[in-house]
Amino acid sequence: MAQSAYLHASALTKPGDAFRELSVTALNFTATNDAFEQAKHAYATGDYDQAVKLYTSALEALQTDLTSVIHVHRAAAYEMQDKFEQAAQDGLDANPHNTASQPDPYLTLGSALFLHGQLRESAATYKIGVNVVPKMHPQHGALVKKYQQTLAFIEKQNQLMAQLLPFEVISNILAKLSIKDRARVGMTCRFWNKYIFEKWPYMWETINTFTDLSGYPRRGAGLIDAIRGDQVRNLCAQFDDPEGFYYDLMGYNDEHDSDGDSGERDLGTALIDAMYNGKPSSWKHINNLVLTRCNESQFKKILAVVKSSLHKLTLRDCKQSCHYGERMISMAASEFPNLKMISNHLNTCSQNSWLLNYIRNTAQMSNFHLTSLSISWHLEPALFSDICQCLPALRSLTIDPEKYYNYAHVLDMVIIHFPFLEVLHYATGNVTDKISTTYTLRSSASVNCGLKMLVLYPPDKRVYTADNLTIDTQLDTLCQRGHSTLQALSLNLDLLEGTRYAAIRTLTQLGAPNLHVISLYAHRGSSIMPQIIGSLLSFCPSLDTIKIDGLSIGHVNNILDAMVVSRPIQRLYIYFYVSPRCDMSINSMASFFERTQHVYEFSLNDCIDDNFTPTDQFAFGLTRAIGSSTVRELNLRTFKMTNEQLIGSLKNLRNSHIRTLRIRVASLTDETVLDALADIQHLTHLILYDHHHGVNENDLCRLFGKWEQPQMLVVEVQFKNPQGYIKGYIPDLATMRPKKDQIADPRLRYSIVKV
């Protein structure tokens, strides 16, 4: 009963209530007729100016009074048909400028909005009517009553929702909102105001001066005074003011900036000053602090406020000089008694000599070890060797091979100098800062957890010949050392071309009991890959994710044959290339999906060309096998199927477990294709790849119009030439779809946007 009242509120307002409150129940032509007769008399006497004025008055009276009466009565009829959107529109047309002194338009519009579920808008309409309609009017009391009842219902509804939903659910929803959006929710009614600002303890838990404060209007600085410092646990303060926001906020002009120090007048500085000059004791619970472009004087102020509570400190692009970052790290390590981790990210460095001195000076502090190093810097082998000698406790090493390409030397240094290393990431595209260092307490830095992640992916179009034998030997040593702790392995097999693959053989002989993820790449394929996968599956019982890139289509069957059915493979991604004499047999794939009960994500795509054209047997056989499997996410985006192949494949997936489907289409003009898509029973996300803009918004509207499944469907069409996308969705049947169906424009009904 409570939930029904919460959703429908039929006890408060029902269709027809507004009609019973109407004060005008008949059309009155008196004013129009009087003005018309007077205008005729003025015309007959030759007073044409007066005649024009009177005729105009008659027209206005006819258009305002009479049309308003008809609009409100038609709105009442719409309500009885449950067409609340049309009723609300009539209520607006009856009083387009909210200036009518009659209560009927406000009663009609407020009732229609309430029944349509727009409670705040309904209350606002009643409030306008209360203020505009004369208090002596007989129906003024009805407006006041409706306004008070609506406010009370909103309050009760919010309380009921808080009772129906666990605190954790509401808390997680609010936590995903920005501070600005939380404040807006808090201003909707007294209940949410009290809930968010008084009862909910996480309103101010995380503050980012750039994303949370800079989005406010010019009174944003006043928000700083409203922050409850005792609730803040995570603070991200950005100094400098690249957008000039703080100048406008505080009334500064360009001439005022003659000293050139803009950093003293930005929001980060305003917040730090409020902490330092206000009540420092109320900010003593901050555990995590991120400072961007902070200078030394600002850092000292923060140090005085959060000295005893801080656990993690992150510095980004320290101002004035890179040496300031070094000094701040040393200061933090010695002054913060409870500090456990320090990170420093730099994008402006001077010379190689400075880099070496910086690492030497910070790596061996009295109570901290440098445990993580990320480098995107042009190095020389001698400099890298000197750096490695300073890092006996290093646990994570990330290097950009575009800046330093010497795999044999890096692996050699890792084996010699880093006995505690847990992560080695030597691949392109993973380094965002030139230099990043992380420091942890000596007590935790000395724990040896073993190698957990090994990623070796050189840049494309490299020649791997000179050091392959050496690299294979070094990898063999690392695998012997970390085979029992390794959890993720990502390897370009071209690094081992022409070798005995000793590292792989070591993993198969010793086993990798904790290996969960493996990703292998080989340029234009590798004949050894099926044997590697088969061996690893036999000796890696925890393996659940496999990605293979650069495999001949003829070897795909061999890979699937090599997989042991009893192993819990959950995600399988295969990127193949088509060789001139490829075997397009589907037998192994069909057999694999018939036997396995664990694969939930499956991707099979051409790694060279987006125009892989399968045979009918291959397309139908693959989708038929997947249709009877446990796969829930399917990616076939490079398959260039004919219309008949696409329709047949979609029909094979009709009763499957597929929730997410990625396929390529040329157009959606064929109604049979739309019917086949709409018939997939469990589909929730559909991503269509259209290379030539053959799909448009109307096609999505037609697809949504055919959708009869109860669950929500999200559709995205991605274009290639030129790039862009179309997005839209249809809500689930149980909640929002009936309301959406009342919207006339299908593009608005399905929230379709095109970029």
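The values are calculated or read from the model by the stated rules, or taken from the named source; none is laboratory data. Being a predicted model, the structure only gives us computed values, none of them experimental. All Cβ positions, even for glycine, are placed from backbone atoms using ideal geometry, and neighbour counts span all protein chains on display. Side chains included, ligands, DNA and RNA excluded: accessible areas come from the protein's heavy atoms. Shrake-Rupley method; radii C 1.70, N 1.55, O 1.52, S 1.80 Å.
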Worksheet item: What FRET efficiency comes out for the pair residue 610/residue 389, r = Cβ-Cβ distance, R0 = 56 Å, nearest 0.05?
Response: 0.70
Discussion item. Under a crude label model (7 Å from the Cα following the beta-carbon direction), how far is residue 148 from residue 745 in nanometres?
Written reply: 4.0 nm
Response to the item:
Subtracting the Cα-Cα distance of residue 301 and residue 211 from 0.36 nm times their residue separation yields 30.2 nm
Response to the item:
Taking a probe of 1.4 Å and leaving out DNA, RNA and ligands, segment 321-433 shows per residue an accessible area in Å² of 38 Å²
Worksheet, complete the sentence: Taking 0.36 nm per residue of separation between residue 53 and residue 273 and subtracting their Cα-Cα distance, the length gained on full extension comes to 72.6 nm
Discussion item. Taking the solvent-accessible surface of protein heavy atoms with a 1.4 Å probe, what is the per residue accessible area of segment 139-206 in Å²?
Written reply: 57 Å²
Worksheet entry | Percent accessible area from carbon and sulfur atoms, segment 270-391, protein chains only, probe 1.4 Å | 47 percent
Discussion item. Per 0.36 nm of contour for each residue apart, how much would the distance between residue 164 and residue 617 grow if the chain were fully extended, relative to their Cα-Cα spacing?
Written reply: 157.8 nm
Practice prompt. Output the peptides 190-202, 472-484 sorted from most to least packed, where packing is the average of other Cβ atoms within 10 Å over each peptide's residues.
Written response: 472-484, 190-202
